[in-house]
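Accompanying notes for the structure given below.
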Amino acid sequence: MQRLRKVLPSLAVKHHKLLKSHIRNQLRCLSTIDHPPGAVERPTLSIPQGTFGQATCHTHPHLIQQGHLTCGITQKEYAERRETLISRLVSEAPNVHKTHIVVIPAARKQFMSDKIPYVFRQNSDFFYLTGCLEPSAILVMIKPAHSDTFKSVLFVHEKDSHAELWEGPRTGCTAATQLFAVDEARPVDSFSVYINKLAASSKPSVLWYHNEAPANPEIHSTIRSVIHPETQVTLADPQRTLHFMRVIKSPAEVELMKEVCYIGSQSVNTAMACTKPGISEHAVCSVLEHSGRVSGAEHSSFPAVVAGAARAAHIHYVANNQLLNHGDLLLVDSGCQRWLYNSDISRTWPVSGLFTRHQRILYELVLAVQKRLIEILGEHRPALDQLFDSMCRLLGTQLQQEGILPKNIDGHELISMAYSLCPHHVSHHLGLDVHDAPLVRRATPVLANMIVTVEPGIYIRTDDTRVPEEFRGLGIRIEDDVLITDGDPLVLTDSCAKEVQDIEAIVGKQAY
Ligand SMILES: [Mn+2]
């Protein structure tokens, strides 16, 4: 790491600035928590002392700042998200004179085989509203008809000394009420009786529940069972409204995204530095993973693509089991997850450390298009689908100017040829999920505080006779994570090397 810092002095300066701005922002957040200007006094929010089912600021002060429920996010922010969701759902409903019941299940544990679990990943919608990392928990929010207030009830697993002996401490109902700042916490086992009684005593009601691809199939049938004519329950889906909230990041979320994008950037720089002829894709993948984790990431955002030579043309190549040779390009698409927020970065670099003439022509072409697309995001605030059209047009024109595509084809044919060379979309939202807030369609224009990827690519198959031979077998993608602001877009992954001279200065400079 020390050696790499010498190679990357400007990046170290950027990190320092980033941390300083982070601390400044956290102090600003804290001062608004202590003295909310003109705000109505809420019940006191505080993090209880004790050992619970997840890290707290008391037990893990190296991970969570005092007063925060999860890293960077306060109990107040989680409570405000619940309040915003319920008020938006009620205002969207055709009949406001009904009781509104919102049910958001946590993810459940998944098993590889027998009792061998996969790494647990909380459901993003549930985490966004609670900060709770417990498997199979359930959030229920109830707003009775003709009432201005609502109640949040969190179902968690009760304390159980035998289960805790195996799995570690649980939060339990008593502590969960204060920890998650909800009105009530109840045992998960009581959910079925509770929801049935609630539906029976709240006629008529709207049950807001995401009925498709249920986060927890075990309680799906219980929730479905309350929908019958006698209970007068109407089913509605809260997820679109929730995703429109999630897609606009709060100042605290922006800080978390800056950090995970910085960690992701450094892990790609380190992978570049460790690349040399003879190393395997698998070894480069392990550098990405190690570098991310050692800097604070829980794990990768997704299985990394580490694709040498023509394997780069397979967009989701994750076998990562080939050796890298002198003269190959290496395409890497990887990301880190930290406190459930994700980065997503693609870079392409020469295994030997120097681009060949034709690799460089194609690389600089994709880079010019990528930079122009980031400018377009700021200038025109387009929908992501429009940005995709811009990419196809820009790639087509530039490939033609370089003599890589034939000169004698017209606009439409040129665009469709460019599309055939870059068959994936140019952008998606990023946040708690890698493909964040998927119900916010890509036909929606970008707004300030959205974070999107910009990832044009060119993949030329070895048998593509439309293209001069020197360019065949090359695959290049360049992807940054970009915060839309009121001014120019802010590239959160700008500490990841992408200029030709920066890449050539880094590749191979660190021992693996
Ligand atoms: Mn991406």
As computed over region 274-319, the Cα convex hull volume per residue (Å³): 69
Taking amide H atoms as placed 1.01 Å from N in the peptide plane, list the residues 5 or more away in sequence, or in a different chain, whose amide H sits under 5 Å from that of residue 482. 452, 453, 454, 492
Relative contact order [Cα under 8 Å, 6+ residues apart], region 370-512, whole percent: 24
Taking only the alpha-carbon atoms of region 179-229, the convex hull volume per residue, in cubic angstrom, is 114
Specify which residue in the list 443, 287, 356 is farthest towards the positive end of the charge dipole of region 251-506, using unit charges on the beta carbon of Lys, Arg (+1) and Asp, Glu (-1), about the Cα centre. 356
Solvent-accessible area per residue, Å², over the chain with all protein chains present [probe radius 1.4 Å]: 45
Less than 13 Å Cβ to Cβ from residue 135, Lys/Arg counted +1 and Asp/Glu -1: what total charge do the surrounding residues give? +1
Taking every pair of distinct Cα atoms and averaging 1/r, then inverting, what Kirkwood hydrodynamic radius in Å comes out for the chain? 24.9
Quick calc of log₁₀ I(q)/I(0), region 221-309, Debye, one scatterer on every Cα, no solvent, q values 0.17, 0.19, 0.22 1/Å, result -0.81, -0.90, -1.05
Can you give the helix-only mean residue ellipticity at 222 nm for the chain, where every DSSP H stretch with n ≥ 4 adds -39500 (n - 2.57) and the sum goes over all residues, rounded to the nearest 500 deg cm²/dmol? -12000 deg cm²/dmol
Take the Cα atoms of region 73-246, find their three principal axes, and give me the spread along each one in whole Å, biggest first. 48, 35, 28
Gap separating the Cα centres of region 321-363 and region 193-266, nearest whole Å: 38
For region 328-479, the Cα-Cα pair-distance distribution in 5 Å bins from 0, as whole percents, is 2, 9, 18, 20, 19, 14, 10, 6, 2, 0, 0
Using the Cβ atoms and a cut-off under 15 Å, what net charge is assigned to the surroundings of residue 297, where Lys and Arg are +1 and Asp and Glu are -1? -1
XL table 115/159; 109/249; 276/509; Cα-Cα > 18 Å flagged, in table order, is 115/159; 109/249
Using the alpha carbon gyration tensor of region 395-480, what are the three equivalent-ellipsoid semi-axes (square root of 5 times each eigenvalue), largest first, in whole Å? 30, 15, 10
Points 7 angstrom from Cα along the Cβ direction at residue 91 and residue 148: gap in nanometres? 1.6
Working out 0.36 nm times the residue gap between residue 413 and residue 83, then minus their Cα-Cα distance, what length gain in nm do you get to one decimal? 113.7 nm
What does the convex hull of the Cα atoms come to per residue for region 251-506, in Å³? 114
Which GluC sites (Glu not before Pro) in region 167-243 sit in a loop by DSSP (not H, G, I, E or B) and have at most 12 other Cβ atoms within 10 Å of their own Cβ? 212
Residues of region 53-78 with backbone N under 13 Å of the label point set 7 Å from the Cα of residue 163 along Cα→Cβ are 53
Long-range amide H partners of residue 383, meaning residues 5 or more apart or on another chain whose placed amide H is closer than 5 Å, are 446
Applying the Karplus parametrisation 6.51 cos²θ - 1.76 cosθ + 1.60 with θ = phi - 60° to the phi angles of region 457-467, what ³J(HN,Hα) value in whole Hz is obtained for each residue in order, glycine and proline being reported as x? x, 9, 10, 10, 5, 5, 9, 7, 7, 6, 10
Long-range amide H contacts for residue 208: which residues qualify at under 5 Å (H placed 1.01 Å from N, peptide plane, sequence gap of 5 or more or a different chain)? 101, 102, 103, 236
From largest accessible area down, sort 402, 281; use a 1.4 Å probe on the protein chains. 402, 281
Gained length - residue 383 relative to residue 449, 0.36 nm times residue gap less alpha-carbon distance: 22.3 nm
Note, ³J(HN,Hα) from phi for region 374-386, Karplus 6.51, -1.76, 1.60, rounded to Hz, x at Gly and Pro: 5, 4, 4, 4, x, 6, 10, 6, x, 6, 5, 5, 5
Heavy-atom accessible surface of region 73-246: percent carbon and sulfur, 1.4 Å: 54
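The values are calculated or read from the model by the stated rules, or taken from the named source; none is laboratory data. Computed from a predicted model, the values in this text were never measured in an experiment. With ideal geometry, Cβ positions are generated from the backbone for all residues, glycine too; neighbour counts draw on all protein chains shown. The protein model used for the area step is the full one, side chains on, heavy atoms only, and it has no ligands, DNA or RNA in it. Shrake-Rupley method; radii C 1.70, N 1.55, O 1.52, S 1.80 Å.
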